[in-house]
Amino acid sequence: MSSSDIFIGETIGTALLTLLGGGVCAALTLKSSKARGAGWLAITFGWGFAVLIAAYVSAPLSGAHLNPAVTVGIAVKTGEWGDVPVYLAGQLLGAMIGAVLMWITYYGQFRAHLADPENIKDARLGPEDPHPHDVAGPVLGIFSTGPEIRNVVQNMATEIIGTFVLVLAILTQGLQDDGKGLGVIGVLITSFVVVGIGLSLGGPTGYAINPVRDLGPRIVHALLPLPNKGGSDWGYSWIPVAGPLVGALLAGGLYNIAFA
């Protein structure tokens, strides 16, 4: 694969991933959405289908990593790090594009939701807060993740463990067809893995398990002209980036010890 194919494939694939994944979060959250209140099961399956569609579209071009943690895990497995920056650049750009497309799709719903005082009254944001950009706003959860209980050690551990499961599953049976894996059907298996992680391990933090899935939309949230949107919670933002990368390194290391 050429560098241009990798960049284009990862940009398109990650844009689809965040458009559809963020879309299900918007559908369940925003006022005047037909799916409002559909629940956690819809979110987990929505993200699983987002992975499925994005991976099948981008696989011919880039191998469908769509996630820096997957890219790092594969690099640890193979020892090939030369294309890692290209993968990461395409993934971050794609995540931001997908978040913008999601906002456009739900533009009217965002406006209606944020114009209703009932929907913003519980936002953890007020004039007494000295750092409002560090406090989660009322629609931030549509763009990126956040913990139900703020505990740095637990939140970090949750992201590490969830991503460890994802990357180990991919390295052993997912997207890598090296004679030992499942080949094309691995994309489907990986999608079910994502659903399983969401159902079993997603409760504490919202299971980012993908640094750009969280960081790209969080940047877009900070930049978009959304009235009453609140802060982007930058104080938490490093955890869904660092945790998945640590989980990926651990999964790659275990693969080389136990399966290589």
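The values are calculated or read from the model by the stated rules, or taken from the named source; none is laboratory data. Fair warning: this is a prediction, and the values are worked out from it, not measured in the lab. Methodologically, a virtual Cβ is constructed for each residue, glycine included, from the backbone with ideal geometry; neighbour enumeration extends over all protein chains shown. In case anyone asks, the SASA skips ligands and DNA or RNA and just uses the protein heavy atoms, side chains included. Shrake-Rupley method; radii C 1.70, N 1.55, O 1.52, S 1.80 Å.
Brief remarks follow.
- ILE257 fulfils the conditions (1) without any contact (Cβ under 8 Å) to a residue 24 or more places away in the chain; (2) touching a Pro at 6+ places or on another chain (Cβ under 7 Å) except for a single criterion, (2).
- Considering the stretch 215-260, the residues that are open to solvent by less than 50 Å² (accessible area, probe 1.4 Å) and of a type in the set (S, T, N, Q) include one that is nearest to TYR106 (Cα to Cα), namely SER232.
- Residue in the stretch 171-190 that is at pLDDT 95 or above, farther than 28 Å from ARG111 by Cβ and among the polar types (S, T, N, Q) present: no
- Residues of the stretch 110-136 satisfying the condition of being over 21 Å from ALA15 (Cα atoms), at pLDDT 80 or above and open to solvent by less than 50 Å² (accessible area, probe 1.4 Å): ALA112, HIS113, LEU114, ASP116, ASN119, ALA136
- Cβ-Cβ contacts under 6 Å between residues 6 or more apart (or on different chains), taken from a first residue in the stretch 25-44 that is under 17 Å from ALA208 (Cβ atoms) to a second residue that is surrounded by 14 or more Cβ atoms within 10 Å (Cβ to Cβ) and among the small types (Gly, Ala, Ser), are listed as THR44/GLY198.
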